[in-house]
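Any read-out appearing in this document is the output of simple, stated calculations on the displayed coordinates, not a laboratory observation. Model, not experiment: these values are computed from the prediction. Cβ sites come from the backbone with ideal geometry, for glycine too, and all protein chains shown count toward neighbours.
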Amino acid sequence: MTKADGTAERTRAVILEAAARVLGRRSDASMADIADDAGVGRATLYRHFPTRDSLLQGAQQAGIAEMTEGIEAANLGDLTVERAIARLISVFMRTGAKYAAFINQDHDHGDDDVDKQRVLQPVRDVIDRGVREGVLRADPPTDVLFEMFSALIERALWLTVAGTTTPEAATDAVVDLFLDGARRVGPGPVEA
């Protein structure tokens with residue numbers, strides 16, 4: 001990577017950070033507002049992101065990439081199901097609060113489904129493992145557990161973004177609500 005490439009990447013990252021901050025507070029913020037917050041000129045902003053849609057797509061991809069890195073660093077397979085769930089929630093709360101304005105936006109871009117699966121599949125894997133090991137209930141289908149988990153995360157993110165709670169308090173609440181509501185009643189693992 002040349003020095004110019006490195007500078008361009010840092011500028012792009014600064015713009016994406018500013019977009020996350022500004023659009024997280026005001027979804028109708030202008031490109032000029034984002035450029036001002038990033039400390040770059042509008043021409044620089046438009047050189048990196050020629051349209052608002054390209055900026056939104058870039059921020060969404062940055063959020064998904066950061067989540068993916070956090071999930072990979074969590075080493076979920078080395079943890080108990082309970083710890084893996086807590087670690088996932090922590091990653092989602094920390095990264096999701098930053099990129100909440102973008103993560104669930106629907107864009108018609110080819111790689112979005114692949115990128116989202118890199119975030120969602122580890123969640124499904126932990127839930128499946130939890131049911132197999134008898135830590136989580138088996139009476140609702142795993143798809144239902146996944147959707148309930150996702151809904152708790154989404155609501156907690158919006159409460160965090162609104163300033164109603166902190167990411168740490170939201171993480172603790174989601175861990176308690178999900179595990180206490182999803183924990184299997186009765187002894188031992190479920191026979192397959």
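Each residue in Lys98, Lys116 was given a count of other beta-carbon atoms within 10 angstrom of its own, and listing them fewest first yields Lys116, Lys98. Which FRET efficiency, nearest 0.05, do Glu9 and Tyr46 yield, Cβ-Cβ r, R0 25 Å? That gives a FRET efficiency of 0.90. Between 0 and 90 degrees, the angle of helix 167-182 with respect to the longest Cα principal axis of the chain falls at about 30 degrees. Ranking Leu88, Ala13, Val135 by how far each Cα lies toward the positive end of the dipole of the chain (charges on Cβ) leaves Ala13 at the top. With a cut-off of 8 Å between alpha carbons and a minimum separation of six or more residues, what is the relative contact order of the range 1-50 in percent? Taking the mean separation of contacting Cα pairs over the length of the range 1-50, I get 33 percent. For the chain, the longest principal axis of the C-alpha atoms and the axis of helix 3-25 are separated by about 70°.
Helix 112-132 and the longest principal axis of the Cα set of the chain meet at an angle near 20°. Contact order for the chain, expressed relative to its length and based on alpha carbon pairs under 8 Å spaced 6+ residues apart, stands at 22 percent. Only one of [x] 1.01; [y] 1.05; [z] 0.98 was calculated from the structure for Rg/Rh (Cα atoms, Kirkwood Rh), and its label is [y]. Length gained on full extension, Val114 to Glu17: 32.6 nm, using 0.36 nm per residue less the C-alpha separation.
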